[in-house]
Amino acid sequence: AYLTYAPDIAKNYEVGVKGILFDRRLQFSGDIYRINLSNFQFNATSPSSFPLVYNGSEAQSRGAELELTGRVTPALTVNFGYTYTDAKVKKALEIYDLPVAALFSSPAAEPILNISLPAGARLPGVSRSTVNLGADYVVLFGSNDRSVTLHADGSYASAQDGAINPASTYFWIIPERYLVNLRISYEVGKQWGADLFARNVTNDPGYSGGFN
């Protein structure tokens, strides 16, 4: 029964607003949303520790997003983004499978409880909070046909569950991450330019998944 898995279905409900304020010095957008998932797919292992894709029953992801871009001065522009996500199992689920070496047992082995997902269990790989920050400072010179742009951006993501089943030996907590990037750009009109940049200044591994 677990050699194949079915497509999952998502129904998304979203409402938002966006606009411009203060003589176009501030741009904003925000929304709230809810995504209902049926037959949601998730990764787990069989009793013999083989990785498999399973179908759950019902799950839901809901949250809010906000994005702001502001021109503080003619030379300085900053942006800010924040997302809150609450992604969890809505309907409890139990999956039974044959135990290890079931084909060689006599009498025939009975299925055992392999995965138990309670309602409210968090979906893996989803941070509750993410934050993005950025800034650009532009210096013009040489009759304004040359420019130097100083850029910095950073992002934060809160900790995530590394697997959907907390009872699994492969379960782990993906740590929160802080990423910072820096860049200096020099441009001469539309003729040519040069960049000097450093990515991931904080030297954060930035884990996005994996087994424990």
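The amide H of ALA92, built 1.01 Å from its N in the peptide plane, has ALA119 as neighbours under 5 Å, considering only residues 5 or more places off or on other chains.
Using every pair of separate Cα atoms, the Kirkwood estimate puts the hydrodynamic radius of the stretch 139-203 at 15.1 angstrom. As a calculated quantity, the FRET efficiency between VAL53 and LYS18 at R0 = 41 Å, using C-beta atoms, amounts to about 0.65. Using a ≥ b ≥ c from the Cα gyration tensor of the stretch 87-139 (square roots of the eigenvalues), is it rounded, prolate or oblate, where a/c under 1.5 gives rounded and otherwise the larger of a/b and b/c decides, a/b for prolate? Oblate, because a/c is 1.5 or more while a/b does not exceed b/c. Once divided by 2.2 N^0.38 Å, the Cα radius of gyration of the stretch 167-212 becomes 1.96. Here the chain exposes an accessible surface that is 57 percent carbon and sulfur, computed with a 1.4 Å probe and the other protein chains kept in place. Just need the Rg to Rh number for the stretch 35-75, please, alpha carbons only, Kirkwood Rh. Here Rg/Rh amounts to 1.44.
A Förster radius of 22 Å, combined with the Cβ-Cβ distance separating ASN43 from GLU176, puts the computed FRET efficiency at roughly 0.55.
Placing a pseudo-label 7 Å from each Cα along the Cα-to-Cβ vector at ARG25 and ALA92 gives an inter-label distance of 5.7 nm.
Seen from a random direction on average, the alpha-carbon convex hull of the stretch 112-169 projects onto 6.4 square nanometres.
When the Cα atoms of the stretch 54-107 are aligned to their principal axes, the ranges along those axes come out at 80, 22, 10 Å in descending order. Rounded to the nearest angstrom and listed largest first, the equivalent-ellipsoid semi-axes of the stretch 50-162 from its Cα gyration tensor are 54, 17, 8. The residues of the chain present an accessible area of 65 Å² per residue when probed at 1.4 Å with all protein chains retained.
Semi-axes of the equivalent ellipsoid of the chain are 48, 21, 13 Å, computed as sqrt(5λ) over the eigenvalues of the C-alpha gyration tensor in descending order. Spacing of the modelled spin labels on ASP195 and TYR33, each 7 Å from Cα toward Cβ, amounts to 2.7 nm.
The values are calculated or read from the model by the stated rules, or taken from the named source; none is laboratory data. The model shown is predicted, which means the values in this text are computed figures rather than measured ones. Cβ coordinates were reconstructed from backbone atoms using ideal geometry, including for glycine residues, and neighbour counts include every protein chain displayed. Note: areas computed on protein heavy atoms with side chains; ligands, DNA, RNA excluded. Shrake-Rupley method; radii C 1.70, N 1.55, O 1.52, S 1.80 Å.
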